[in-house]
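Report on one structure; see the data block that follows.
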Amino acid sequence: MSDYDAIVVGAGHNGLTAAVILQQAGLRTACLEANTYTGGMAATVELIDGFRYEIAGSVQFPMPSQIAKELGLDTLPTVDAEVMSVNLGDEGEEPMISYRDPMQFMTHLADKHGTNAVTGMAQMMSTPNLHEQRRRTTHEALRRTALASFARKGFANVTVTELAREAGVTERTFFRHFATKEAVLFQDYETQVEWLSAALAQRPVSESLFEAVLASVASFPHDLEVVRQAATARTEFISADRIASHLRVVQSSFAGVITDFIKCRYAETPDIDLVAEVAGAALAAALVVAVENWGRNGYAGDLGELTAAAVNLVRSGLAPLT
């Protein structure tokens, strides 16, 4: 074994990935496996005579883009099946179909398995594990430290090294949470809005579109006081044009999520594509305009009330103008 620089124990999909990356980096690498096949839980094997199938590879979890690129997987075509898996119960029971689209999945649960199934799945999806809780705590601590430092010294006078030291973490940890120093100021306006998609998927089918959107927006996963501090700092340190440009990107992300939600929940509605896109764009615009109005008023007042007022204007068909 002294002939090798690195030894990877286990030739499952993670072990194989690690071995390839190490070998590509110039290390003499050995990958050891006790089984007669490689791939681990993602392997396709004949466990029953005459039947070949994947052991447990029914779901492809998100893969870091850098790893996909280094393995050459980014150039390969992928098939995103509508259904990821089907769980069969006893005779006469409805199967549980795991749709790739979370809203379609929740609708299926409600229609075939009842509200208890929806509630249970929603709790599983929304309850963070211990690792996620620690990640969120560190994330918010870094953000508070950074905003306080910006206020004291000025945005341009603060380095990432100083921020990491003040927060008691390494620079590497800082960059795991924020790609740049400026990202601290835009975290609450991030364009990755999975939280909104997950929240919409959990809303009961009996609820109106407008109530579903308002309730989902209320699940916004950031401390509003920290949001207020970040918004104030943005106004001071970032140009108005750049803030407006970023908000347009956020608005587009909101519109996409809401549009997909409408298409799924109201699939039988005539001309649903047109209806969903118009409604999604209008509601997304209302949400972002509420935030902009809040900013123009010095970030005073209740953002939730402003958001509700903006959404209700759309709900009323812009009644004050008719």
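Computed from the coordinates by the stated procedures, all read-outs in this text should not be read as laboratory data. These figures come from a predicted structure and were not determined experimentally. Please note: Cβ atoms are built from the backbone with ideal geometry, for glycine as well, and neighbour counts cover all protein chains shown.
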How high is the FRET efficiency between VAL205 and LEU71 when r is their beta carbon distance and R₀ equals 35 Å, given to the nearest 0.05? 0.25
Rounded, prolate or oblate: which fits region 182-321, taking a ≥ b ≥ c as square roots of the Cα gyration tensor eigenvalues, rounded meaning a/c under 1.5, else prolate when a/b beats b/c? prolate
Just the number, please: percent antiparallel of the DSSP beta bridges in region 1-76, rounded to the nearest 5. 40
Of the residues PRO102, HIS113, ALA267, the Cα lying farthest along the dipole of the chain towards its positive end, which is defined by charges on the beta carbon of Lys, Arg, Asp and Glu, belongs to PRO102
For the chain, what proportion of DSSP beta bridges, expressed in % and rounded to the nearest 5, is antiparallel? 60
Positive end of the charge dipole of the chain (Lys, Arg +1 and Asp, Glu -1 on Cβ, about the Cα centre): tell me which of ALA215, SER197, HIS246 has its Cα farthest that way. HIS246
I need the semi-axes of the equivalent ellipsoid of region 1-76: take the C-alpha gyration tensor, multiply each eigenvalue by 5, square-root it, list largest first in whole angstrom. 25, 19, 8
Here the membrane-span-like helices of the chain, with no claim about any membrane, defined by DSSP H, Cα axial extent at least 30 Å and mean Kyte-Doolittle at least 1.0, are 272-296
Across 10 Å bins from 0, what is the distribution of all Cα-Cα pair distances for region 33-118, in whole percents? 13, 31, 32, 20, 4
With a Förster radius of 41 Å, plug the Cβ-Cβ distance of ALA309 and ASP3 into 1/(1 + (r/R0)^6) and report the FRET value to the nearest 0.05. 0.05
Any lysines with Cα under 24 Å of the LYS112 Cα? List them, leaving off those in the same chain fewer than 8 positions away. LYS263
By average Cβ neighbour count within 10 Å, what is the ranking of 272-278, 141-147, 83-89 from highest down? 141-147, 272-278, 83-89
Dividing the mean separation of Cα pairs under 8 Å (6+ apart) by the residue count of the chain yields a relative contact order in percent of 10
Could you calculate the contour length gain from THR115 to GLU236, that is, 0.36 nm times the residue separation minus the distance between their Cα atoms, to one decimal place in nm? 38.8 nm
Nearest-0.05 FRET efficiency for LYS181 and TYR53, computed from C-beta distance (R0 51 Å): 0.55
In Å, the Kirkwood hydrodynamic radius of the chain over pairs of distinct alpha carbons? 23.6
Sum -39500 (n - 2.57) across every DSSP H segment of at least 4 residues in the chain, then divide by the residue count to get the 222 nm mean residue ellipticity, nearest 500. -17500 deg cm²/dmol
Proximal aspartates and glutamates relative to LYS181, as straight alpha-carbon distance under 13 Å, when same-chain residues fewer than 8 apart are discounted: GLU162, GLU171
